[in-house]
1. Looking only at P120, P61, P158, which one moves most when the chain is put into a Gaussian network model with springs between Cα atoms under 10 Å?
2. Looking only at K20, K49, K159, which one moves most when the chain is put into a Gaussian network model with springs between Cα atoms under 10 Å?
3. Determine, for D121, D102, the number of other Cβ atoms within 10 Å of each Cβ, and report the residues in order from fewest to most.
4. Which pairs break 19 Å Cα to Cα here: K41/K83; K52/K124; K57/K124; K20/K41?
5. Could you line up F70, F127, F177, F21 from fewest to most neighbouring Cβ atoms inside 10 Å?
6. Among the aspartates and glutamates, which fall within straight-line cross-link reach of K151, defined as a Cα-Cα distance under 12 Å, with same-chain neighbours fewer than 8 residues apart omitted?
7. Residue by residue, what Karplus-based ³J(HN,Hα) values in Hz, rounded to whole numbers, does the range 64-71 have, using 6.51, -1.76 and 1.60 with θ = phi - 60° and x for Gly and Pro?
8. Let me check I've understood the local charge: for I69, count other residues with C-beta under 11 angstrom from its C-beta, Lys and Arg +1, Asp and Glu -1. What total comes out?
Amino acid sequence: MNYAMVELSIVCPKCDNSIKFTGPLLQVHCDSCQHDIDVPKEFLVDLIKDIKQSVQKELEPGQGTNSTIFGHFNCNLTYANMKPYCTECKLDVDLEKISPQDENYRCPQCGNNIPIDYPPDWLKQEFPGITALYNCLLRDPSSDNSTSSDKIVVFTCPKCGGALDIDGKDRMVECNFCGADIYLPDDLWLRLHPVKVKRRWFFSFQ
């Protein structure tokens, strides 16, 4: 069995800010400009094909490489010939303790939860030899309007001083008291929607 580690980000074609991939996603969300960006399947197929070939023929175990690629997207790619490990404490995943029905692996050292997934249908059709994905989020968590907290934040209307309950679903809100349209400031929005950090994910293949 072969294993590859991947860390991928692209430059948003709308605003030029960085979008981090949490797995082989066909759509990603830009936290900066709030656009959803469709990802052509061919873009990911070409990347994964190159990664597989390098892992099998060029990279020694534990060895990796990084590159900047200009094409359909401008992207930064880091990958390595590396078995899955906990990205919090760096402890290797004990692959022998994972059974086919497991959906998560709990790191015995730090308690971090590592998702385990079967490849989506499109990926399985392109690469039948890919057997599992580790530490992926196959649904971009920022592609909907959910927040990192279920708590309501109280914000003062800058026009009338009324206390507004903010749930973070929309950045433009209407004051319940004076009817003014209010654009939530950056510090409040980032508190409700923390900036996504880079995420390393892994896949196994034969």
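Quick note: the coordinates plus some simple rules give every number you see, no bench work behind them. Just so we're clear, the structure is a prediction, and the values are computed from it rather than from any experiment. Neighbour counts are summed over all protein chains in view; Cβ atoms, including those assigned to glycine, are modelled from backbone coordinates with ideal geometry.
1. Maximum among the listed residues: P158.
2. K159
3. Numbers: D121 8, D102 12.
Exposure proxy ranking, most exposed first: D121, D102.
4. Beyond 19 Å: K41/K83; K57/K124.
5. Fewest-to-most ranking of F70, F127, F177, F21: F70, F177, F127, F21.
6. Of all the aspartates and glutamates, those that pass the test against K151 - Cα under 12 Å, at least 8 places apart if same chain - are D165, D167.
7. Residue by residue, the range 64-71 yields x, 8, 9, 7, 10, 10, 10, x Hz.
8. -2
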